[in-house]
Amino acid sequence: MTTTDTPTSTTRAAGTAAPPKRPPVRRREGAAWVFLSPWVLGATVLTLLPMAVSLYLSFTDYDLFDPPHWVGLRNYTQMFTEDPRYWRSVTATLTYVAIAVPLQLALALAVALALKRVRRGRGFYRSAFYAPSLLGASMSIALVWRAVFNDGGTVDKLLGTGGWVNRPGWALLAVALLTVWQFGAPMVIFLAGLQQIAGELYEAAAVDGAGAWRRFRSVTLPMLSPVLFFNLVLQTIQAFQVFTPAFAVSGGKGGPADSTLFYTLYLYDRGFVASHMGYASAMAWVLLLAIGAVTLVLFRTSRSWVFYASDEGGTR
């Protein structure tokens, strides 16, 4: 009688190892939430909760010392119908945005185009032009700017036009030039975008007889339009929130004749100088909605002038 080995129910190929066990899905999700918890906690405590409190205060009469008193929409109706300085702050802010943003982007693009042609010392020039952006809108820089454009300052000595910061028609322009001077950040972004444009496009345009202006208008601008759109949105949002230059140049008053009474400066005056924190909260929410509306308009209009390279190498 012979015996044969009975095969087992499972067999493994020689030399193969068992696949590693993956942790359960719930355990992986738990680990993800542990790593995300600092951000979630910070966003909740430092952003969402203050926003909710601010929204509540915008419907109250609150002076920082007494408990808030519910007044409904009175802050908003007073803002739009009974406060002439509010509308002067809106006008000053819109004028500033309309002047500063286009000038800053135009200068940043011009310098980026010039730096693209530089072969030697490009890193040095790029750092030198970017340096003012590193300083930011600090109070010290704004005070220096005030001294430059004040009576007897550098501009007065060179041009003999008097102190810009003391003239209603020129004070806002002086503040706008401070923003234009800090064009380093959009310049670096433009320079990165220019380096991504294929040289074959310029060669083909030159073969077709296109001059420098035609190549810029038909090649550079369309291919650079996504970068231009990004800079436009970013700088517009920042321009609506400008505060320190106007505060320093006007001494915190928005003068002369409210020509530099920017929206954020008037919000600061209502909230922390006059202690009308409920009114200031309402102004803050109107500013948030206004920036959101302007950004939405920019995104909607971008469909007609922003071109993105498609997978096939064309544009759409």
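The values are calculated or read from the model by the stated rules, or taken from the named source; none is laboratory data. All of these numbers come straight from a predicted model, not from anything done at the bench. Please note: Cβ atoms are built from the backbone with ideal geometry, for glycine as well, and neighbour counts cover all protein chains shown.
Determine whether VAL165 is touching a Lys or Arg at 6+ places or on another chain (Cβ under 7 Å) and modelled with pLDDT under 85. Let's see the steps before the verdict.
Values: touching a Lys or Arg at 6+ places or on another chain (Cβ under 7 Å): yes; modelled with pLDDT under 85: yes.
It is true that VAL165 is touching a Lys or Arg at 6+ places or on another chain (Cβ under 7 Å) and modelled with pLDDT under 85.
Scanning the stretch 58-86 for residues being over 18 Å from LEU288 (Cα atoms) and loosely packed, with under 14 Cβ neighbours inside 10 Å gives a total of 11.
Of the residues that make up the stretch 187-204, is at least one surrounded by fewer than 18 Cβ atoms within 10 Å (Cβ to Cβ), at pLDDT 85 or above, at negative phi and polar (S, T, N, Q)? Yes: one or more hits.
For PHE80, the conditions (1) farther than 25 Å from VAL165 by Cβ; (2) under 19 Å from the mean Cα position of the chain (by Cα); (3) among the aromatic types (Phe, Trp, Tyr) all hold with the exception of (2).
In this structure, does ALA142 turn out to be among the aliphatic types (A, V, I, L, M), surrounded by 16 or more Cβ atoms within 10 Å (Cβ to Cβ) and touching a Phe, Trp or Tyr at 6+ places or on another chain (Cβ under 6 Å)?
On the way: among the aliphatic types (A, V, I, L, M): yes; surrounded by 16 or more Cβ atoms within 10 Å (Cβ to Cβ): yes; touching a Phe, Trp or Tyr at 6+ places or on another chain (Cβ under 6 Å): no.
Against the criterion (among the aliphatic types (A, V, I, L, M), surrounded by 16 or more Cβ atoms within 10 Å (Cβ to Cβ) and touching a Phe, Trp or Tyr at 6+ places or on another chain (Cβ under 6 Å)), ALA142 does not qualify.
Counting only helices (runs of 4 or more DSSP H) wholly contained in the stretch 150-199, the ones carrying 3 or more residues that are farther than 21 Å from PRO256 by Cα and either of a type in the set (Lys, Arg) or in contact with a helix residue (DSSP H, G or I) (Cβ under 9 Å, 6 or more places away or on another chain) (or both) occupy 184-195. Restrict the check to the stretch 238-259 and report whether at least one residue is surrounded by fewer than 17 Cβ atoms within 10 Å (Cβ to Cβ), over 19 Å from VAL180 (Cα atoms) and of a type in the set (Phe, Trp, Tyr). No, every residue in the stretch 238-259 fails to be surrounded by fewer than 17 Cβ atoms within 10 Å (Cβ to Cβ), over 19 Å from VAL180 (Cα atoms) and of a type in the set (Phe, Trp, Tyr). For the stretch 83-97, enumerate the residues that are more than 28 Å from the chain's Cα centre (by Cα) and closer than 17 Å to MET277 by Cβ. If the condition is that a residue be more than 28 Å from the chain's Cα centre (by Cα) and closer than 17 Å to MET277 by Cβ, then ASP83 is the only one that fits. If you go through the stretch 102-147 and keep only what is more than 14 Å from TRP181 (Cβ to Cβ) and in contact (Cβ under 8 Å) with a residue 40 or more places away in the chain, you end up with LEU109, ALA112, LEU113, LEU115, LYS116, ARG126, MET139, LEU143.
Among the candidates LEU228, LEU296, LEU221, the residue that is among the aliphatic types (A, V, I, L, M), closer than 19 Å to ALA108 by Cβ and either exposed (fewer than 15 other Cβ atoms within 10 Å of the Cβ) or at pLDDT below 90 (or both) is uniquely LEU221.
The set of residues from the stretch 196-227 being within 31 Å of the chain's Cα centre (by Cα) and charged (D, E, K, R) comprises ARG214, ARG215, ARG217. For the stretch 87-96, the set of residues classified as surrounded by fewer than 21 Cβ atoms within 10 Å (Cβ to Cβ) and touching a residue at least 12 places away in the same chain (Cβ under 8 Å) consists of ARG88, VAL90, THR95, listed by residue number. When the stretch 148-188 is filtered for residues that are aromatic (Phe, Trp, Tyr) and under 17 Å from THR93 (Cα atoms), only TRP170 remains.
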